[in-house]
Amino acid sequence: MRLILIGPMASGKSTVGRRLAKRLKLEFIDIDEEIEKKAGVSISWIFDVEGEKKFRERENKELVKSLKNDNCVISTGGGIIVEDKNIDSIKKGTVIFLETSIQTQLERTLNDKKRPLLQGTDNKEETLKELKEIRDPLYRKCADITIKEGKNGHNEVVDKIVDILKLK
Ligand code: S3P
């Protein structure tokens, strides 16, 4: 089984992915983490010094590599779906879209310093809305399963996924 989590920044992909993998006894792979490990520097550094285009190349490489694993949960970065070739790649797994409101994204990124796309803006809400408009249709197009955020945090999302996959 190969589960792939997609969704906007701060939708909980990494946390949910890690917990889901533990619960289902699957390997956990976080694409952003793999990019940082390989590069030896942070994502912010990569955006600053190399630019977004180079980041997307690194991201595609790590995605393709991660898909060599069966029996895993893969958490992606929010922009994974902006590259057509990534969309083709993620079809190799069961794609789970973590749908998240702008309000939740704003709350969770209040003190965030790690997300370059939110650092260079003086209106976070507007930036998140713009990204949502472009990306939500793409997330939806790719998703096999869509999970709306619950009121009770990440564990509720994990439960919902397990339930839908009937893995209890
Ligand atoms: C990005 C999201 C980030 C990270 C990079 C670009 C995006 O991941 O990949 O900063 O384009 O939305 P998260 O979704 O985990 O924040």
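Annotation note: of 83, 59, the sole residue that is within 13 Å of the ligand (Cβ to nearest atom) and farther than 21 Å from residue 130 by Cα is 59.
Annotation: of all residues in the range 113-133 being in a helix (DSSP H, G or I) and touching a residue at least 40 places away in the same chain (Cβ under 8 Å), the one that is surrounded by the fewest Cβ atoms within 10 Å (Cβ to Cβ) is 119. Within the range 113-156, the set of residues being touching a Ser or Thr at 6+ places or on another chain (Cβ under 9 Å), within 15 Å of the ligand (Cβ to nearest atom) and not charged (D, E, K, R) comprises 116, 117, 118, 119, 120, 121, 127, 128, 139, 154. Among the residues of the range 134-152, the one identified as part of a loop (DSSP other than H, G, I, E, B), crowded, with 17+ Cβ neighbours inside 10 Å and not aliphatic (A, V, I, L, M) is 149. When each of 7, 51, 40 is tested for being modelled with pLDDT of 95 or more and either within 10 Å of the ligand (Cβ to nearest atom) or of a type in the set (Asp, Glu) (or both), the lone residue that passes is 7. Each residue in the range 86-112 was checked for being under 28 Å from residue 165 (Cβ atoms), within 10 Å of the ligand (Cβ to nearest atom) and surrounded by fewer than 17 Cβ atoms within 10 Å (Cβ to Cβ), and 1 of them qualify.
Run down 60, 155, 86 and say which single residue is in a helix (DSSP H, G or I) and modelled with pLDDT under 95. It would help to see each step written out before you state the result.
Numbers: 60 fails: modelled with pLDDT under 95; 86 fails: modelled with pLDDT under 95.
155 is the lone residue from the list that is in a helix (DSSP H, G or I) and modelled with pLDDT under 95.
Conditions tested, residue by residue: (1) free of Cβ contacts under 8 Å to residues at least 60 places away in the same chain; (2) of a type in the set (Gly, Ala, Ser); (3) buried (at least 16 other Cβ atoms within 10 Å of the Cβ); (4) touching a helix residue (DSSP H, G or I) at 6+ places or on another chain (Cβ under 8 Å).
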site	(1), (2), (3), (4)
29	yes, no, yes, yes
36	yes, no, yes, yes
46	yes, no, yes, yes
51	yes, yes, no, no
55	yes, no, yes, yes
59	yes, no, yes, yes
66	yes, yes, yes, yes
70	no, no, no, no
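Take the conditions (1) within 19 Å of residue 34 (Cβ to Cβ); (2) buried (at least 17 other Cβ atoms within 10 Å of the Cβ); (3) at pLDDT below 95; residue 79 misses just one of them, which is (3). Residues in the range 1-27 that are surrounded by fewer than 16 Cβ atoms within 10 Å (Cβ to Cβ) and not in a helix (DSSP H, G or I): 1, 25, 27.
The values are calculated or read from the model by the stated rules, or taken from the named source; none is laboratory data. These numbers were taken from a predicted model, which means no experiment stands behind them. As a convention, Cβ positions derive from the backbone with ideal geometry for all residues, glycine included, and neighbour counts pool all protein chains shown.
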